[in-house]
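Peer 1: I'd like to ask some things about the structure below.
Just so you know, all these numbers are worked out from the coordinates, no wet-lab data involved. Every value quoted in this text rests on a predicted model; they were computed, and no experiment measured them. Positions of Cβ are backbone-derived with ideal geometry, glycine not excepted, and every protein chain shown enters the neighbour counts.
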Amino acid sequence: MNLDVDRDRLVREIEELALISDAPAPAVTRIVFTPTDLKARAWLIARCEQAGLVVRQDPVGNIFARWTGSDAIAPAVGTGSHIDAIPNAGRFDGVVGVLGGLEAIRSLGRSGFRPKHSIELLVFTSEEPTRFGIGCLGSRLLSGSLSPSAARVLADKDGASLEEVRKKAGFKGELDKVELPRGYYKAFVEMHIEQGPLLERQKVPLGIVTRIAAPASLRISVEGAGGHAGGVLMPDRRDALCAAAELILAIENVAKTCGTIDTVATVGICEVFPGAVNSIPSRVHLTVDIRDTSLERRDAVLRDIQAAREAIAAKRQVSIEENLLNADAPTECAPEIIEALSDSCKKCKQPFILMVSRAYHDSLFISRIAPVAMLFIPCWNGYSHRPDEFAAPEDIARGVTILAETLAGLAG
Ligand SMILES: [Zn+2]
């Protein structure tokens, strides 16, 4: 097979899609079901149809673009990612897997290859949690990880429900129809920028993902006693912020001392009430994000945080409540897909490393219904979710070549 990836066209398409944005270039903002998102979808669908793919969209707006194989009823081989972007993001996150997947299919077509299993490009709706507060909306529904009834009541910051918003955007079917039957995909491969610095640091152009970490998030409320910053003497205080500060450091310590760099914990939000210079903080809300590649270890971290919370509450005479917002399980990628990707790298004489994905992706959820692995390409300085996010054309093209080889091998 003589694969000839059209790097220049692919780079041009990435640039073009980046201009369909609610932020001035080079920043990209594309929030699900906004007019800009709908415009980007139409642009993309036109490109898929030009490539001869059969396009359908499901009731939550996941886009399927299929190159029908000679055995049309055999399970398909899937690839794809997302095109939504958080406010003020870059051009490559998700897009490299979508337009790169499209170019992989086109280059296979040009080479004369004809698949037995259909090859399908899948563009996931709302990988980013920006609008509805939950990431990977499309892939959660596809895999049955989120029930249609729970999805229906999700709402954006203006109080509009997913049900209203998607219907207004033209997606009218029932959410119950989104879940894919088991066996729909024979295999799924997602190409993505690394969003971390390891490939660049190690000067390796490709990473094959063996495990995908998953987050658990907690909302913690600390209730102490407020009062006048002058009037209440130190021995009498039950300062909620001081208790929260101890807890934040305890959380950091739990993650730092659990014996692996694969565990990370972050307190990203700290809201203090009443928030006045001369008032003792009476109440604090924290949100905590804990990620790990091992479910057992992550659950152990959650238990350690609970123990710290109870000890601090008792010592400082405050009440600390904890609410688990979500706790997705990490996943192991499928050995046969990891092998298929490694074989393609070896065949094309491209060095690669096996690595962990510390960010989570739609593949995390698709792994619950199909064998999955991911292919990472380097991004400059590991930067992502910012306007100067950058992946070099040669790195993208190399990734597309390996992706195309792998899809061809899997679709036979
Ligand atoms: Zn992404």
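Peer 1: Name all residues of the range 248-277 having a backbone nitrogen under 19 Å from the label point set 7 Å from the Cα of residue 228 along its Cα→Cβ direction, giving them as ranges.
Peer 2: Within reach of a label on residue 228, which here means backbone N under 19 Å from a point 7 Å along Cα→Cβ, the range 248-277 contributes 274-277.
Peer 1: While we're looking at this one, here's another question. Considering only the other residues whose Cβ falls under 14 Å of the Cβ of residue 276, what net charge follows from Lys and Arg at +1 and Asp and Glu at -1? Write out the running numbers ahead of the final one.
Peer 2: Details: positive: 283; negative: 239, 271.
Overall, the nearby charge balance is -1.
Peer 1: Whole-Hz Karplus ³J(HN,Hα) for the range 160-167, in order, using 6.51 cos²θ - 1.76 cosθ + 1.60 and θ = phi - 60°, x for Gly and Pro?
Peer 2: 7, 7, 3, 4, 5, 5, 5, 5
Peer 1: Now for a separate question. Quick check on the range 241-379: take the gyration tensor over C-alpha atoms, sort the square-rooted eigenvalues as a ≥ b ≥ c, and tell me if it's rounded (a/c under 1.5), prolate or oblate.
Peer 2: Details: a/c = 3.04, a/b = 2.75, b/c = 1.10.
Prolate, because a/c is 1.5 or more and a/b exceeds b/c.
Peer 1: Share of Cα-Cα pairs in the range 1-132 beyond 25 Å, in percent?
Peer 2: Working: 2117 of 8646 pairs.
Value for the range 1-132 (Cα pairs over 25 Å): 24 percent.
Peer 1: Assuming R0 = 35 Å, what is the FRET efficiency of residue 394 and residue 277, from their Cβ-Cβ distance, to the nearest 0.05?
Peer 2: Values: r = 55 Å, r/R0 = 1.56.
The value I calculate is 0.05.
Peer 1: Please list 3J(HN,Hα) in residue order for the range 289-296, calculated via the Karplus relation 6.51 cos²θ - 1.76 cosθ + 1.60 where θ = phi - 60°; whole Hz, with x for glycine and proline.
Peer 2: Here the 3J(HN,Hα) series is 10, 10, 10, 7, 8, 10, 5, 4 Hz.
Peer 1: What does the extension gain come out to for residue 155 and residue 327, with contour length at 0.36 nm per residue minus their alpha carbon separation?
Peer 2: On the way: separation 172, 0.36 × 172 = 61.92 nm, distance 1.99 nm.
The residue 155-residue 327 span can extend by a further 59.9 nm.
Peer 1: I need the trypsin sites (Lys or Arg not before Pro) found in the range 317-359, filtered to DSSP loop residues with at most 12 other beta carbons within 10 Å of theirs. Intermediate results must be reported in sequence, preceding the final value.
Peer 2: Working: sites: 346, 347, 349, 358; in loops: 349, 358.
Sparse-neighbourhood loop trypsin sites (Lys or Arg not before Pro): 349.
Peer 1: Looking at the range 179-236, which trypsin sites (Lys or Arg not before Pro) are in a loop (DSSP not H, G, I, E or B) and have at most 15 other Cβ atoms within 10 Å? Can you show the working numbers first?
Peer 2: On the way: sites: 182, 186, 201, 203, 211, 219; in loops: 182, 203.
Here the sparse-neighbourhood loop sites are 182, 203.
Peer 1: What percent antiparallel are the DSSP beta bridges of the chain, to the nearest 5? The partial results should precede the final answer.
Peer 2: Working: 47 of 68 bridges.
Rounded to the nearest five, the antiparallel share is 70 percent.
Peer 1: Round to a whole angstrom and tell me the spacing of the C-alpha centers of the range 275-308 and the range 13-81.
Peer 2: Cα centroid to Cα centroid, the span is 38 Å.
Peer 1: I need the calculated FRET efficiency for the pair residue 39 and residue 269, taking r as the beta carbon distance and R₀ as 35 Å, to the nearest 0.05.
Peer 2: Working: r = 32 Å, r/R0 = 0.92.
So, using R0 = 35 Å, E works out to roughly 0.60.
Peer 1: Can you pick out the pairs among 39/168; 116/172; 39/186 whose Cα atoms lie more than 24 Å from each other? Walk me through the numbers on the way to the answer.
Peer 2: Details: 39/168 14 Å; 116/172 33 Å; 39/186 31 Å.
Result: 116/172; 39/186 exceed 24 Å.
Peer 1: Related question: Quick check on packing: order 189-199, 171-181 by the mean number of other C-beta atoms within 10 Å, highest mean leading. Don't skip to the end; give the middle numbers.
Peer 2: Details: 189-199: 23.6, 171-181: 15.1.
With the highest mean Cβ count within 10 Å placed first, the list reads 189-199, 171-181.
Peer 1: Moving to a separate point now. Computed FRET efficiency, Cβ-Cβ of residue 25 and residue 253, R0 35 Å: what is it to the nearest 0.05?
Peer 2: So, using R0 = 35 Å, E works out to roughly 0.25.
Peer 1: Calculate for the chain the 222 nm mean residue ellipticity that helices alone would give, adding -39,500 (n - 2.57) per DSSP H run of length 4 or more and normalising by residue count, nearest 500 deg cm²/dmol. Intermediate values should be presented prior to the final figure.
Peer 2: On the way: 12 runs with 144 residues, N = 412.
The helix-only estimate for the chain comes to -11000 deg cm²/dmol at 222 nm.
Peer 1: Have a look at the chain and give its Rg and Dmax from the Cα atoms, expressed in angstrom.
Peer 2: Rg, Dmax (Cα atoms, Å): 23.3, 83.
Peer 1: Gain in length, residue 261 to residue 11, computed as 0.36 nm per residue apart minus the alpha-carbon separation, to one decimal in nm?
Peer 2: Numbers: separation 250, 0.36 × 250 = 90.00 nm, distance 3.51 nm.
That pair, residue 261 and residue 11, stretches by 86.5 nm at full extension.
Peer 1: While we're on this one: Only residues of the range 88-126 count here: report those whose backbone N is under 14 Å from the spot 7 Å along Cα→Cβ of residue 1, or say none.
Peer 2: Those under the cut-off are 101-120.
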